[in-house]
Structures are given as structure tokens and as C-alpha cells.
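Heads up, the thing below is written out as C-alpha cells.
The values are calculated or read from the model by the stated rules, or taken from the named source; none is laboratory data. This one's a predicted model, so the numbers in the text were calculated from it and none came from an experiment. Note that we place each Cβ from the backbone using ideal geometry, even for glycine, and neighbour counts take in every protein chain shown. For accessibility, only protein heavy atoms count, side chains too; no ligands or nucleic acids. Shrake-Rupley method; radii C 1.70, N 1.55, O 1.52, S 1.80 Å.
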Amino acid sequence: MTSSDISIDQLGLVGSEDAEYLLSLIRTIPGFPNENVLFRDFMPALADPRGLGILLKALQLALPVQQQDFDSVAGLEARGFLFGPALAASLGKGFIAMRKTGKLPPETISEEYTLEYGQESVEVETNAISSGERVLIVDDLIATGGSASAAAHLVEKCGGTVAGFSFVMELEGLDGRASLGTYPASALVTMPA
């Protein structure tokens, strides 16, 4: 299945040729994880050296805030771990891992959220975020905004400040951005839910 229903949005900051190339690497898989879902898979872009370079460059160009306006990058497990550390390193920032419950041995703080198909929670080590630290939260996808909102609550519980959100993909029609309130957010591409 083609990705012709995907809008380029902020991915266009890398130029039309590179944007189209990256878009060509996103697979659409119907019926996963259930029959009513079109799963969007950007893993082929990570396996492609040019695609990965374009993705990281696009994320840098589409930051929702200026680079000097945040201190660290937090990535949500699992796909936020794939490009979050690379983005942090390229920006000269540290990386904060936001994990699924039960994956971290030290003392943690957790936050529950609702998915389209159940409950989940995310956690962070209690000392991972310093008081006043400004954190950019990155993830692959924003749909309903549940996991992103939970990540924001974790940052605040730890005494940090949410600088903004950076996503690769955004599903339209699920009001995910509305759940983020007034925080700045960017997405490279959008597509129908």
C-alpha cells in the first residue's frame, strides 16, 4: 500500500526531494494491530542511511522551540529511543529514557494513561530530571496524546519543565495535540487516523 495519504508538513523543511524520499520509505500496513488500523511503519527509513539522515535533519529543523530553550531530550519507549538519543547527541543535549513500567531497577516515578485499546503507564528514574530542567519530549507518533501527556506529567512531577514536543508522525482526527494544552509541538508528517 502506498503512503499517498501522508501530508509532508514540516518534513518539507529538508527540501522536496529529500522529503519525498523519506516519505517513500514509510510503509503502510493495513490490519495491524487490528483490522481497523492502518499501521504506519517508518523502520525502513532507519535502515536506510540516507533516510535516517533526512529524518534526523528534519527533526532538528522542525524543533518546536529554539535549541537554547531546552536542556535535554526525553524519548518514550520504544520508538522514541530510536532517534531521541541521536537527536540529543546532535544538539549537544543529554537523553532521558521514559520507559514502560517495570523496566527500570532504581526508584521511579510513573504516570498512567489511556490507549485506544487499554491502560498503560510510563516511568522515569526519580533523579533523571533536575529541578527546573527544560525537557523536549520526542516520540514517533502522536495519536490521542495519552503517552505524550503522561510524559509531560512525569517531567513536571520531577520538577522539570516541558519545553515542547517533537513527533515524526501525527494522526489527524484524534485531537492528540489538544491533549498537550499550550505546549509547543511539531510533527514532520500527518496522516488520517
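Considering only residues in segment 87-110 that are assigned to a helix (DSSP H, G or I) and open to solvent by 40 Å² or more (accessible area, probe 1.4 Å), the one that is nearest to residue 126 (Cα to Cα) turns out to be 89. Would you please list the contacts, defined by Cβ atoms under 9 Å and residues six or more apart or on different chains, that run from a residue in segment 175-187 that is farther than 16 Å from residue 62 by Cβ to a residue that is open to solvent by 10 Å² or more (accessible area, probe 1.4 Å) and among the charged types (D, E, K, R)? Matching pairs, first to second residue: 176/170. The residues of segment 111-130 that are part of a loop (DSSP other than H, G, I, E, B), open to solvent by 60 Å² or more (accessible area, probe 1.4 Å) and in contact with an Asp or Glu (Cβ under 9 Å, 6 or more places away or on another chain), listed by number, are 127, 130.
Return the residue satisfying two criteria in turn: it lies in segment 148-174 and is small (Gly, Ala, Ser) and without any contact (Cβ under 8 Å) to a residue 60 or more places away in the chain, and of such residues it is most open to solvent (accessible area, probe 1.4 Å). My answer is 173.
Filtering segment 67-81 to residues that are part of a helix (DSSP H, G or I) and buried (at least 21 other Cβ atoms within 10 Å of the Cβ) leaves only 80.
For segment 144-175, a tally of residues being closer than 13 Å to residue 186 by Cα and in a strand (DSSP E or B) returns 9. Under the condition of being open to solvent by less than 40 Å² (accessible area, probe 1.4 Å) and in a strand (DSSP E or B), the residues counted in segment 11-43 number 3. Whenever a residue of segment 12-38 is farther than 13 Å from residue 57 by Cα, its partners that are modelled with pLDDT of 95 or more and open to solvent by 70 Å² or more (accessible area, probe 1.4 Å), lying with C-beta atoms within less than 7 angstrom and at least six residues away or across chains, give the pairs 21/50.
Return a yes/no flag: does segment 131-141 have any residue that is in contact (Cβ under 8 Å) with a residue 24 or more places away in the chain, assigned to a helix (DSSP H, G or I) and within 13 Å of the chain's Cα centre (by Cα). Looking through segment 131-141, none of the residues is in contact (Cβ under 8 Å) with a residue 24 or more places away in the chain, assigned to a helix (DSSP H, G or I) and within 13 Å of the chain's Cα centre (by Cα).
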